[in-house]
Ligand code: GDP
Ligand code: MG
């Protein structure tokens with residue numbers, strides 16, 4: 001998606017103002033990029049139409065280049081397409097809040113049950129899981145194990161009790177125990193079928209849930225639109241959870257859900273661990289799609305492994321574009337601590353386009369960077385300009401770290417690039433200034 005969009009911006013280099021004529025080519029690239037990202041055709045059509053209409057209307061803005069104007073319009077339209085604001089989970093006025101999970105087989109419902117309980121527990125809510133997938137004994141065991149892992153009780157019956165009956169009994173048990181949130185796992189099928197829908201309707205009728213969340217695999221692509229539409233019409237959903245966003249999904253599902261159902265994506269799953277669930281931020285997703293990395297998500301992840309004040313400071317540094325080698329080192333170390341490079345690497349500005357195949361390479365590079373930063377003087381770390389201006393200093397760092405002078409120069413250049421990218425990204429995310437596309 002990113003490279004397609006980049007070629008769209010490039011076509012506007014040298015133009016003075018956006019016109020009906022000069023946006024034809026870039027819009028074609030945008031259209032193709034969206035289709036390649038598995039966004040469904042009707043959604044793409046409406047998107048392209050709306051962006052084109054706005055682009056022609058903006059006219060000449062002093063100091064802002066047309067390609068920058070178009071990026072801004074596409075960014076804002078992407079955010080709008082994905083629902084604009086963060087959609088919070090809704091809680092019932094009187095406990096328990098009941099969250100019913102639905103979705104096809106293998107999308108991650110059972111995993112989400114436990115992740116969600118873990119997530120809500122951290123907010124101080126007591127949770128209980130109900131095992132409503134009775135077709136495979138293994139599914140019940142899986143939920144029990146995950147429940148144990150996150151320290152949340154799991155209500156089960158045998159496989160010969162009807163799901164709606166299990167739901168009813170489980171709910172009354174939860175009420176007795178004054179549980180805040182009840183999360184109900186259900187059975188999925190490989191494809192939408194009547195049996196599954198009828199069962200979900202029965203369960204829904206018994207529970208009267210506060211939230212009915214459709215769990216959607218981010219890899220679903222084009223079909224996500226039809227899937228969401230059907231579930232919404234048949235059982236009525238209140239939102240969606242997008243899972244497996246850590247894989248190399250092309251993002252199409254994220255862009256279609258809200259547009260076709262009117263219901264927002266509320267949460268996203270980014271991995272198999274219990275901590276890998278977070279709110280869905282439309283503006284960050286748009287930034288990610290536009291290839292600018294995902295600084296805020298990164299900072300939040302880093303927060304989990306760094307001390308609170310360090311992370312706050314890092315965030316401030318990023319905002320003020322004073323990001324220096326100390327921050328760089330902190331960041332790379334935090335990344336290393338997080339272990340799963342694949343998941344995080346896409347969030348680091350300047351590394352946004354690393355493919356899984358290049359991940360090992362990137363890990364090796366991080367080690368090399370660390371070695372060079374470690375031999376810098378405290379002053380050099382805080383003022384990268386010193387290294388930028390002095391070949392002697394670069395030579396010393398190269399010798400002390402056993403790297404080449406060229407590698408040191410590259411590292412310095414990369415730091416400055418990151419500063420620029422971060423500054424641009426913050427501008428876009430705050431809806432204020434418009435990114436420079438000079439690099
Ligand atoms: P269900 O059939 O819908 O209940 O799906 P499961 O919860 O059993 O998940 C199916 C598989 O997907 C399991 O191997 C999970 O570990 C995996 N999975 C679930 N969520 C994620 C995610 O966000 N990222 C990744 N990489 N794997 C996930
Ligand atoms: Mg399951």
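Summary of values
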quantity	calculated
Residue list for the range 182-205, restricted to those being in contact with a helix residue (DSSP H, G or I) (Cβ under 7 Å, 6 or more places away or on another chain), away from ligand 1 (no atom under 16 Å from the Cβ) and under 19 Å from residue 92 (Cα atoms)	182
Single unsatisfied condition, residue 88 versus (1) away from ligand 2 (no atom under 16 Å from the Cβ); (2) at pLDDT 95 or above; (3) within 20 Å of the chain's Cα centre (by Cα); (4) farther than 22 Å from residue 227 by Cα	(2)
Unique match (being away from ligand 1 (no atom under 16 Å from the Cβ), surrounded by 18 or more Cβ atoms within 10 Å (Cβ to Cβ) and under 17 Å from residue 121 (Cα atoms)) among 174, 167	174
Meets criteria (in contact with a strand residue (DSSP E or B) (Cβ under 9 Å, 6 or more places away or on another chain), in a loop (DSSP other than H, G, I, E, B) and surrounded by fewer than 22 Cβ atoms within 10 Å (Cβ to Cβ)) for residue 86	yes
Top-ranked residue in the range 108-140 [being part of a helix (DSSP H, G or I) and out of contact with any strand residue (DSSP E or B) (no Cβ under 9 Å at 6 or more places or on another chain); ranked as modelled with the lowest pLDDT]	137
Matching option when the condition is farther than 19 Å from residue 237 by Cβ and within 16 Å of ligand 1 (Cβ to nearest atom), among 123, 105, 68, 142	142
Qualifying residue in the range 31-52 (condition: in contact with a strand residue (DSSP E or B) (Cβ under 8 Å, 6 or more places away or on another chain) and part of a loop (DSSP other than H, G, I, E, B))	no
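For every residue, the table says whether it meets (1) surrounded by 15 or more Cβ atoms within 10 Å (Cβ to Cβ); (2) within 13 Å of ligand 2 (Cβ to nearest atom); (3) under 19 Å from residue 108 (Cα atoms).
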| site | (1), (2), (3) |
| --- | --- |
| 134 | yes, yes, yes |
| 137 | no, yes, yes |
| 142 | yes, yes, yes |
| 145 | no, yes, yes |
| 150 | yes, no, yes |
| 183 | yes, yes, yes |
| 196 | yes, yes, yes |
| 202 | yes, no, no |
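The values are calculated or read from the model by the stated rules, or taken from the named source; none is laboratory data. For clarity, every value in this text was computed on a predicted model and none was experimentally measured. Virtual Cβ from ideal backbone geometry, glycine too; neighbours counted across all protein chains shown.
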